[in-house]
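Undergrad: One structure coming up, written as structure tokens, with questions to follow.
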Amino acid sequence: MPARITGLTTRLITVPLLRSWGVEAPENHVIVTELTNDDGGTGHGFSWTPTIGPQAVKALLDYDIAPFVAGLEANPEMVWDQLWKRLHEAGGGGLTTIAMAGVDLALWDLKARQAGTSVTGLLGQRHESVEVYGSGVNLHYSLDQLVEQAQRWVAAGHNAVKIKVGKPELREDAERVAAVRQVIGPDRLLMIDANQRWDLAHTFRALEVLGEYGLEWLEEPLRADDLWAYRRLRKHSPVPIALGENVHTIYRFRDFIEAEAVDIIQPNIVRVGGITPFRRIVELARANSIRLAPHLLPELSGQLALTLAEAVSVEDVEDASFEQLGLLAAASPVKISAGSGRSRLSSTGRLGLGFDFTDKQPAPAGAAYESAIAEGAVPDSKGNRIEYSNS
């Protein structure tokens, strides 16, 4: 008889970022999940959101998802499909899929643990390591702070970096892009991310000015829902268009791909609902010869990147990994190191997904934390807001 789910519990951890992502996102929220089945197995997963709805995600897991999955066969793909149909009334994506990720990740973790391997090993590791690119949520940085960050990326061995754009004046964006290009030199890749701040007319003006700096891609310049505008943009853009962190279902990714509105898709594994839908989106992209670049969460997306047929780069936002934020009670499931002049990510081979979340108040990692305090990126320890809830 296949094992069946017997319980799902959650707890919320809120931790301040070492380097604030601005006044709108000074912290990250992780909803830790633990799932049990009737043969004594336990799987560990999580949902995540940097800003909106951590309590709503937790409530959805506690009051709607936990009762529904109890008694279902502990098969991640079967559970995902049934759960998505069940929750669709509340929305096909967004808070629903973010919550679903907590179940899906726990089920894959459980499956790998019971097989005595990592999730990377379970799915079939195809790469010994993958490249990592340096990223920062840095639109609020001064020009000097941005330049210093770019210098740190170069020193860390990153062959590609990404910065935020979207200042009130295009002239200021141009000044910042030019400064970063000067720091990283002509041979490293440079990407820019506007985080949905522009309209179509401004985007075309920005491309005329910023395109001369040799951009690898322009990310999410328009509202992520505006397929019509993205179709027009890509048709005329001299720079490849990337989007996907705010696209939540395979159907919507299909719409953008079929409309020829995107060059690079960037699914966030948690926001699309976990490993199960992420793998389906990967195959959609591969079948249509569309590049893939997973969004954020390198300790999770890096593990999946190691299993993909096509090599992809993993995004690493400076000092924002779970390990650096003090969220993990044990070693990280991945290791990022500079080798052959380039920053690479590899698996540490921990069982399952390898996330052992702390059951104490998380404290950000020492050296990086002290450095961030010295630079004024975060308040001192007495000013940090850290919340922890078992309820």
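The values are calculated or read from the model by the stated rules, or taken from the named source; none is laboratory data. Just so you know, these numbers come straight off a predicted model, no measurement behind them. Cβ coordinates were reconstructed from backbone atoms using ideal geometry, including for glycine residues, and neighbour counts include every protein chain displayed. The protein model used for the area step is the full one, side chains on, heavy atoms only, and it has no ligands, DNA or RNA in it. Shrake-Rupley method; radii C 1.70, N 1.55, O 1.52, S 1.80 Å.
Undergrad: Determine by what factor the alpha-carbon radius of gyration of region 121-347 differs from 2.2 N^0.38 Å, reporting the quotient.
TA: 0.99
Undergrad: Something else now. Which entries of Lys85/Lys167; Lys85/Lys164; Lys58/Lys167; Lys58/Lys85; Lys164/Lys235 have Cα-Cα distances beyond 31 Å here?
TA: Violating the 31 Å Cα-Cα cut-off are Lys85/Lys167; Lys85/Lys164; Lys58/Lys167.
Undergrad: Calculate the all-directions average of the projected area of region 1-99's alpha-carbon convex hull, and give it in nm².
TA: Quarter of the Cα hull surface area: 6.8 nm².
Undergrad: Another question about this same structure. Could you list the chymotrypsin sites (Phe, Trp or Tyr not before Pro) in region 182-220 that lie in coil according to DSSP, counting only those with at most 12 other Cβ atoms within 10 Å of their Cβ? Show your work: numbers first, answer last.
TA: Working: sites: Trp198, Phe204, Tyr213, Trp217; in loops: Trp198.
Answer by residue number: there is no such site.
Undergrad: Mind checking the full-extension length gain between Val154 and Ala70? Use 0.36 nm per residue of separation minus the Cα-Cα distance, one decimal, nm. Let's see the in-between values first.
TA: Working: separation 84, 0.36 × 84 = 30.24 nm, distance 4.91 nm.
Net length gain for the segment: 25.3 nm.
Undergrad: Still on this structure, I have one more. Not counting ligands, DNA or RNA, and with a 1.4 Å probe, what is Asp62's accessible surface area in Å² rounded to the nearest 10?
TA: Roughly 50 Å² of Asp62 is accessible to a 1.4 Å probe.
Undergrad: R0 = 22 Å: FRET efficiency of Thr348 with Arg286, Cβ-based, nearest 0.05?
TA: On the way: r = 27 Å, r/R0 = 1.23.
Plugging the Cβ-Cβ distance into 1/(1 + (r/R0)^6) gives 0.25.
Undergrad: For Trp228 and Ala311, what is the calculated FRET efficiency with R₀ set at 30 Å and r taken between the beta-carbons, to the nearest 0.05?
TA: Calculated transfer efficiency: 0.40.
Undergrad: Contour minus end-to-end for Glu172 and Asp39, with contour as 0.36 nm per residue of separation and end-to-end as the Cα-Cα distance?
TA: So the extension gain works out to 41.9 nm.
Undergrad: Quick one: ranking Ser129, Ser289, Ser321 by accessible area, 1.4 Å probe, largest first, what do you get? Spell out each step's value before the answer.
TA: Working: Ser129 35, Ser289 110, Ser321 15 Å².
Descending accessible area places them as Ser289, Ser129, Ser321.
Undergrad: May I ask you to give the percent of accessible area on the chain that is carbon plus sulfur, with a probe radius of 1.4 Å? Walk me through the numbers on the way to the answer.
TA: Working: 7670 of 16190 Å².
Carbon plus sulfur share of accessible area: 47 percent.
Undergrad: Per DSSP H run of n ≥ 4, the term is -39500 (n - 2.57); total these for the chain, divide by its residue number, and report the mean residue ellipticity at 222 nm rounded to 500 deg cm²/dmol.
TA: -10500 deg cm²/dmol
Undergrad: Suppose all protein chains stay in the model; what accessible area per residue would a 1.4 Å probe give for region 121-347, in Å²?
TA: With all protein chains present, region 121-347 gives 40 Å² per residue.
Undergrad: Still on this structure, I have one more. Can you work out the accessible area per residue across region 25-92, with the rest of the protein chains kept in place, probe 1.4 Å, in square angstrom?
TA: For region 25-92, the per-residue accessible area is 43 Å².
Undergrad: Another question, then. With the dipole of region 4-116 worked out from charges on the C-beta (+1 for Lys and Arg, -1 for Asp and Glu) around the Cα centre, which of Val30, Pro16, His88 lies farthest toward the positive end?
TA: The residue sitting farthest along the positive end of the dipole is Pro16.
Undergrad: Right, another one. Run the simple label-point estimate for Glu208 and Asn195 please: 7 Å along Cα→C-beta, distance reported in nm.
TA: Distance between label points: 2.7 nm.
Undergrad: Shifting gears a bit: Over every pair of different alpha-carbon atoms in the chain, take the mean of 1/r and invert it; report that Kirkwood radius in Å.
TA: After inverting the pairwise mean of 1/r, the radius is 21.4 Å.
Undergrad: Arranged from highest to lowest average of other beta-carbon atoms within 10 Å per residue, in what order do the peptides 63-70, 352-359 appear?
TA: My ranking of the peptides, most packed first, is 352-359, 63-70.
Undergrad: At a Förster radius of 30 Å, what calculated FRET efficiency corresponds to the Cβ-Cβ distance of Glu128 and Glu24, to the nearest 0.05?
TA: Efficiency for this residue pair is about 0.20.
Undergrad: Further question: With a 1.4 Å probe and every protein chain left in place, tell me how much accessible area Thr42 has, in Å² to the nearest 10.
TA: The accessible area of Thr42 comes to roughly 50 Å².
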